[in-house]
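Working notes, structure below.
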Amino acid sequence: MSTFDRQADTPPQPAFSKPVYGKPQCVVPAGALLGEGVVWSQREQSVYWVDILSCRLHRFHPATGERTTWAFSEEISAVAERAQGPGLIVTLRRGFALFDPASGGEPRYLHQPEPALPGNRFNDGKCDAQGRFWGGTMDFACTDATGALYRFDPDGRCTRHEEGFAITNGPTWSADGRTLYFNDTKNGRIYAYDFDLASGTLSNKRLWLAFSPGDGVPDGMTTDAAGRLWIAHWGASCVSCHDPVSAGELCRVPLPVSQVTNCVFGGPDLRTLFITSASTGLTAVQLAAEPLAGGLFAVPMDCPGIPANMFAG
């Protein structure tokens, strides 16, 4: 990959150590059309993830192998646990909603921020350390730059922070919480912003990393306890690890699928990297070569991740 520091011709060298990882294993051969939205539940010791295009939410309990699936009437794209109530906050096609897996009832919409953009849908998202949910929208056709980044607060306020994206992914934060990273997937770019945790505002947008040809495009991502960023590569069969300051690449975890979509640290000690993937758009020949496309993978790591933030509402 190429990194850009605006002025230098030579990318800065990484200052963070290279992680050590084990062999990837497909723990759920789900065959998802578009696996995404993966999050680890500390209280349930389970991993949640979605199949956006099949309108399904999945849960996997690694200790027992138990799997549960919920079907929805529209696309579900991202998930976070609630700190003050039962169940989850999720993004559906049109906005933010609550869903309780224990009852299995219909999700309840909280807010739909784009009624004038019926061709858009929500995509990736997660909560910040103050329990606010950040979610991005995108053009369902992945062509027009109609997507935006929203912050949904526990009191129900919704704020639009960024716009002009065909496909949004992320976000994730630096270990100190002072930087937010966000993906302009279609253009193969990751931007960094100064992040004010108290107010939940962004400033000082700058290009942090641009993908080179052959590296696919950046999809979902997460941060580990050492502060390194882990980025899923759609179209390049890997997850890469990066120095959060220089963006220098530290390692790549190769996977037996081309469309790698998202990742999160989980397990009892948060030392397992769970990775989602997709099978949508692959030809019959490609599917034959990638029988695990759409599966959920697990990779043992030498460094733990950071527990997922919960929605404070």
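Derivation of every value follows stated rules applied to the coordinates shown; laboratory data play no part. This structure is a prediction, so every number in the text was calculated from the model and none was measured. For neighbour counting, all protein chains shown are included, and Cβ atoms are generated from backbone atoms with ideal geometry for every residue, glycine included.
Observations
- Measuring max minus min along each principal axis, the C-alpha atoms of the chain give extents of 54, 43, 38 Å (largest first).
- Magnitude of the charge dipole, the chain, Cβ model with Lys/Arg +1 and Asp/Glu -1, debye to 20: 180 debye
- Between Glu66 and Arg160, the FRET efficiency estimated from the beta carbon spacing at R0 = 30 angstrom works out to 0.15.
- Cβ crowding within 10 Å ranks Ser174, Ser212, Ser277 as Ser212, Ser174, Ser277, fewest other Cβ atoms first.
- Centre separation in Å (Cα based) which lies between the stretch 76-106 and the stretch 222-264: 27 Å
- Potential lengthening between His111 and Arg206 on full extension [0.36 nm per residue; Cα-Cα distance subtracted]: 31.2 nm
- Using C-alpha pairs below 8 Å separated by at least 6 residues, the relative contact order for the stretch 25-300 is 16 percent.
- Volume of the convex hull of the stretch 116-232 (Cα atoms only), normalised per residue: 99 Å³.
- Listed values for the stretch 146-162 are Karplus-derived 3J(HN,Hα) couplings in whole Hz (6.51 cos²θ - 1.76 cosθ + 1.60, θ = phi - 60°), namely 9, x, 8, 10, 10, 10, 10, 8, x, 7, x, 6, 10, 10, 8, 10, 9, and x replaces Gly and Pro.
- Value at 222 nm in deg cm²/dmol, rounded to 500, when DSSP H runs of n ≥ 4 in the chain each add -39,500 (n - 2.57): -500 deg cm²/dmol
- With neighbour counts taken as other beta-carbon atoms within 10 Å, the residues Asp153, Asp176 rank, fewest first, as Asp176, Asp153.
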